[in-house]
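Engineer: Can you keep this structure in mind? I'll have questions shortly.
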Amino acid sequence: MRYRTLGGLRVSAIGLGAMPLSIEGRPDETRALATVHAALDAGVTLLDTADSYHPPGAEPGHNERLLARALATYGGDTSGVLVATKGGRGRPAGGDWTVNGSPRHLKAAAEASRKRLGVETIGLYQLHKPDPAVPFEESVGALRELLDAGTIRLAGVSNTDADQIRRAREILGEKLVSVQNRYSPAVRDSEPELRLCAELGLAFLPWSPLGGLARSSLDGPSRTEGRERLAAFHEVAADRGVSPQQVGLAWLLARSPAVVPIPGASRPETARDSAAAADLRLSTEERARLDEAAGP
């Protein structure tokens with residue numbers, strides 16, 4: 001496992017996105033715990049969760065409680081594991097994702113997350129999404145209060161643009177350590193935010209980092225328009241004898257030293273496969289080929 005820096009901490013270059021272990025189609029608890037343990041065995045030290053990772057209409061925090069159990073039942077050393085959670089979204093019955101960035105809600109949500117995780121201080125707490133009904137500075141100000149109170153150690157923002165990142169930095173200073181936006185070979189909208197993170201020394205945590213790699217033209221007719229352009233990821237994978245997902249994660253790591261992907265997993269073998277991408281070094285020629293396939 002290779003490592004990268006997040007807020008002065010040394011974290012694995014590949015994290016684990018734990019959301020699939022708690023939402024629709026989730027595995028049973030035995031397999032879910034085995035998936036987290038497999039990631040830890042592979043050297044993963046960054047676990048990503050949120051209070052809203054649960055089935056629609058269920059009690060918040062299923063995923064946080066699951067990670068707490070996984071860490072408590074793991075036989076190895078977990079002292080270097082960073083659990084990153086998020087607040088500000090909900091999943092009421094019906095399946096829609098709601099947003100609530102009010103300071104009162106965020107402070108109460110962080111305290112509830114802290115208790116579910118069973119920690120005195122949350123390692124990394126992130127605003128899940130800006131709330132259009134609440135001034136952004138007020139939401140980020142709640143993170144500042146949580147930092148000052150010792151409820152959280154480090155802060156991050158998610159689903160934000162470059163201007164919002166700069167504004168968050170003004171309020172949080174060096175305690176702002178991460179940005180979690182959607183970014184993958186198929187979705188490159190956050191390229192400006194990635195460049196800004198590298199400039200400011202922030203970790204960039206791509207969510208849904210494997211977008212577009214489930215199928216390609218090599219698998220037959222594509223079900224999604226434009227997905228055939230990513231065939232190069234499958235071709236490089238075939239040449240290397242690894243999965244296309246490993247190639248995709250290795251490509252993300254090569255994009256910038258700020259990148260720490262957090263691919264999801266619901267099976268131990270998937271968690272192990274993703275973690276192995278940290279040690280997959282792409283050649284200059286392979287990177288150029290994949291860059292061209294992914295596009296500008």
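Engineer: Give the long-range amide H neighbours of W207: residues separated by 5 or more places, or on another chain, with amide H under 5 Å away, using H modelled in the peptide plane at 1.01 Å from N.
Structural biologist: Amide H neighbours of W207, under 5 Å, 5+ apart: N181, R182, Y183.
Engineer: Let me ask something else. Please work out the C-alpha center-to-center distance from region 95-110 to region 11-72 and express it in whole Å.
Structural biologist: Spelled out, the Cα-based centre of one part sits 20 Å from the other.
Engineer: As an exercise, find the ratio Rg/Rh for region 1-91 from alpha-carbon atoms, using the Kirkwood inverse-distance average for Rh.
Structural biologist: Reported Rg/Rh, Kirkwood definition of Rh: 0.97.
Engineer: With a point put 7 Å past each Cα toward its Cβ, work out how far E59 is from R182 in nm, to one decimal.
Structural biologist: The answer from the label model is 3.1 nm.
Engineer: Could I ask something else about it? Determine the gain in length on full extension of the stretch M1-S256; use 0.36 nm per residue of separation and subtract their C-alpha separation, reporting nm with one decimal.
Structural biologist: 90.1 nm
Engineer: Return the equivalent ellipsoid semi-axes of region 147-291 as a descending list in whole Å, where each equals the square root of 5 times an eigenvalue of the C-alpha gyration tensor.
Structural biologist: The answer is 31, 16, 14 Å, longest axis first.
Engineer: Determine the percent antiparallel among the DSSP beta bridges restricted to the chain, to the nearest 5.
Structural biologist: Just about 20 percent of them are antiparallel.
Engineer: Just the number, please: Stokes-Einstein D of the chain in µm²/s, Kirkwood Rh from C-alpha pairs, 4 °C, 1.567 mPa s.
Structural biologist: In µm²/s, the coefficient rounds to 67.
Engineer: Give me, ordered by chain and number, the residues 5 or more places off L82 or on other chains with an amide H under 5 Å from its own placed amide H.
Structural biologist: Long-range HN contacts for L82: L46, L47.
Engineer: Here's a follow-up. Rounded to two decimals, what is the ratio between the C-alpha radius of gyration of region 115-207 and 2.2 N^0.38 Å?
Structural biologist: Against the compact-globule rule of thumb, the ratio is 1.07.
Engineer: Moving on. Tell me, what is the FRET efficiency for V119 and D239 to the nearest 0.05, using R0 = 30 angstrom and their Cβ-Cβ distance as r?
Structural biologist: Once rounded, the FRET efficiency stands at 0.10.
Engineer: Just round it to a whole percent: the fraction of Cα-Cα distances in region 96-145 exceeding 13 Å.
Structural biologist: Of the Cα pairs, 56 percent sit more than 13 Å apart.
Engineer: Provide the solvent-accessible area of Y3, counting protein heavy atoms only and rolling a 1.4 Å probe, rounded to the nearest 10 Å².
Structural biologist: The value for Y3 is about 90 Å².
Engineer: Mind giving me the FRET efficiency for R167 and A198? R0 is 22 Å, r the Cβ-Cβ distance, nearest 0.05 is fine.
Structural biologist: Calculated value: 0.75.
Engineer: To the nearest Å, what is the center-to-center distance of region 141-197 and region 277-291, using C-alpha atoms only?
Structural biologist: Cα centroid of region 141-197 versus Cα centroid of region 277-291: 28 Å apart.
Engineer: Also: Quote the FRET efficiency, to the nearest 0.05, computed for D77 versus E228 with a Förster distance R0 of 30 Å and r equal to the Cβ-Cβ distance.
Structural biologist: 0.10
Engineer: Express the carbon and sulfur contribution to the solvent-accessible surface of the chain as a percent, rounded to the nearest whole number, probe 1.4 angstrom.
Structural biologist: Summing carbon and sulfur atoms, their accessible area is 47 percent of the total for the chain.
Engineer: Keeping every protein chain present and rolling a 1.4 Å probe, give me the accessible area per residue for the chain in Å².
Structural biologist: Here the residues of the chain average 42 Å² of exposed surface.
Engineer: Residues of region 105-137 with backbone nitrogen within less than 18 Å of a virtual label 7 Å along the Cα-to-Cβ line of D189, please, listed as ranges.
Structural biologist: The answer is 128-133.
Engineer: Let me ask something additional. Can you list residues whose amide H is under 5 Å from L6's amide H, if they're 5+ apart or on another chain and H is modeled 1.01 Å from N?
Structural biologist: For L6, whose amide H was placed from the backbone, the distant partners under 5 Å are V11.
The values are calculated or read from the model by the stated rules, or taken from the named source; none is laboratory data. Fair warning: this is a prediction, and the values are worked out from it, not measured in the lab. We place every Cβ from the backbone using ideal geometry, glycine too, and count neighbours over all the protein chains shown. In case anyone asks, the SASA skips ligands and DNA or RNA and just uses the protein heavy atoms, side chains included. Shrake-Rupley method; radii C 1.70, N 1.55, O 1.52, S 1.80 Å.
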